[in-house]
1. Provide the gained length on full extension for the span E207 to K45, in nm with one decimal, where the gain is 0.36 nm per separating residue minus the Cα-Cα distance.
2. Excluding V149 itself, what net charge comes from residues whose Cβ is under 12 Å from its Cβ, given Lys and Arg +1 and Asp and Glu -1?
3. If you put +1 on each Lys and Arg Cβ and -1 on each Asp and Glu Cβ, how big is the dipole of the chain around its Cα centre, in Debye rounded to 20?
4. If the chain between K125 and E184 were fully stretched, how many nm would it gain, using 0.36 nm times the residue separation less the Cα-Cα distance?
5. Shape call for region 62-114 from the C-alpha gyration tensor, a ≥ b ≥ c root eigenvalues: rounded (a/c under 1.5), prolate (a/b greater than b/c) or oblate?
6. Report the calculated FRET efficiency for M102 and D218 (r = Cβ-Cβ distance, R0 = 25 Å), to the nearest 0.05.
7. What are the residues whose amide H is under 5 Å from the amide H of A54, where those residues sit 5 or more places off or on another chain and H is modelled from the backbone?
8. In nm, to one decimal, how far is the modelled label at R94 from the one at D81, with both set 7 Å along Cα→Cβ?
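All of the numbers you see were taken from the coordinates with simple rules; none came from a lab. It should be emphasised that the depicted structure is a prediction, and the values quoted were computed from it without experimental measurement. Here Cβ is always computed from backbone atoms with ideal geometry, including for glycine, and neighbour counts include all displayed protein chains.
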Amino acid sequence: MIDFYYWPTPNGWKIAIALEEMGLAYHLLPINIGRGEQFEPAFSKISPSHRMPAIVDHDPGDAGGPLCLAESGAILLYLADKTGRFLSSAPRSRHQAIQWLMWQMSQLGPMLGQNGHFSLYATEKIPYAIARYRHEVVRLFGELNRRLVDREYICDEYSIVDMACWPWVLTYKSQNIDLSEFPEVRRWYDQLKSRPALRRGYNLLRETRSKRGNEAPDQEARQHLFNSTQAR
């Protein structure tokens, strides 16, 4: 059994989708990041940076006891290795998939996150920041669109890379992106959203999500999400 610490955000959705796609049994443990639950001492022992998602695998397959993991990319790699699914064992294909997973972790997620923050949530609208991150988002959607030309999936086959990227592309409306300008991304996005396991992962704790997905956080959530000093 895997304890799954989760809240419905793009990074949380990655692991929810992977667990469902891989058919792994898990115990869902909500971490309400808008109410500061990520700063509870017990959770900090699992996730040193006080971020979800995180997992505790109580049966990691060795004699070392339960395994705690944070960071969504690391968790995806672990689950793929654990199950032998959704990550090629052929060295060349495996390394290319890891390259694109790192692209999502270092570029797609952070740039879309910053674009969303400065354009939607920041109380002070800074034109330079808004323009910079908007440019990066358009650039990255263009990169993904070029990658998907003549490819059904981002890599040779459906993989943890698609699971990592889809939840961020999902935010295209709040990012003010017109997917018709990126037809390969549109085709890939629509194809994936019809997968039953992906839908189950995406729908976890659906009732806790906002209706539109981009309402400004309240004052308490702002403190926990943007200005917290609890982890220092």
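1. On the way: separation 162, 0.36 × 162 = 58.32 nm, distance 2.82 nm.
Working it through step by step, the gained length comes to 55.5 nm.
2. Numbers: positive: R146, R147, R151, R187; negative: E143, D150, E152, E184.
Summing Lys and Arg as +1 and Asp and Glu as -1 gives 0.
3. Working: 28 positive and 26 negative charges, 108 e Å.
My answer is approximately 520 debye.
4. 18.0 nm
5. On the way: a/c = 3.33, a/b = 1.29, b/c = 2.59.
Judged from the Cα gyration tensor, region 62-114 comes out oblate (a/c at least 1.5, b/c at or above a/b).
6. On the way: r = 34 Å, r/R0 = 1.37.
With R0 = 25 Å, the Cβ-Cβ based efficiency is 0.15.
7. Y5
8. In this crude label model, R94 to D81 measures out at 0.9 nm.
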